[in-house]
Structures are given as C-alpha cells and as structure tokens.
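Contents: one structure, followed by commentary.
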Amino acid sequence: MKRRVRQYSLVMGVCVLLFAASAPVYFLFGTGWAVAMCVVASVLPPVAMTLGNLADPDDPRDHDAVYGPNAEPRDEDHPEGPAPR
C-alpha cells in the first residue's frame, strides 16, 4: 500500500510541478514549450491513477482484488466470486 501511495504522490507531484512551471516557461521560452509541458502534465493523472490502483504482489495485506496475483481464492460454495467476509 505504501508503494502505491508513494508512486501516485510522485507522479501527481510532477504533474502539479509541470503545470505550475509552464507559466514562467511561457514568458521565458515561448508558447511551444509551455504547451508541451501542459500536454505532458495532462497525461500524467491517468498514469498516476493506474499506478495507484495496481495490486502489490509483495504485500500480503493487499488482497482486495477480485482478479490478479492477490485475488482471494474462490470458495466452492460461492463460485460467483470471493467468499463473503
């Protein structure tokens, strides 16, 4: 869980930094660089969300996934999904 939060925070921090830095870059280097920075920054939130939602195979507490390496084994009495808690 900590790995996911750290990765999400890092990518979103870079996103905010790019958006904030695009204003001075606009005045110093022109429109092209500022627009390029904003385009890259607009792509980063979906990447951060994907990284934040990936299951950590090394974390035994990360068993909230229905599918994947950390999925709870299906119960024979409940073939439609994981056993109720």
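Some points to look at:
- Verdict on residue 19 being hydrophobic (A, V, I, L, M, F, W, C), in a helix (DSSP H, G or I), at pLDDT 90 or above and loosely packed, with under 14 Cβ neighbours inside 10 Å: no
- Residues of region 1-32 satisfying the condition of being basic (Lys, Arg) and free of Cβ contacts under 8 Å to residues at least 12 places away in the same chain: 2, 6
- Qualifying residue in region 33-46 (condition: surrounded by 12 or more Cβ atoms within 10 Å (Cβ to Cβ), in contact (Cβ under 8 Å) with a residue 40 or more places away in the chain and in a helix (DSSP H, G or I)): no
The values are calculated or read from the model by the stated rules, or taken from the named source; none is laboratory data. The structure displayed is predicted, hence computed values, not measured ones. No Cβ is skipped: glycine too gets one built from the backbone with ideal geometry, and neighbour counts run over all protein chains shown.
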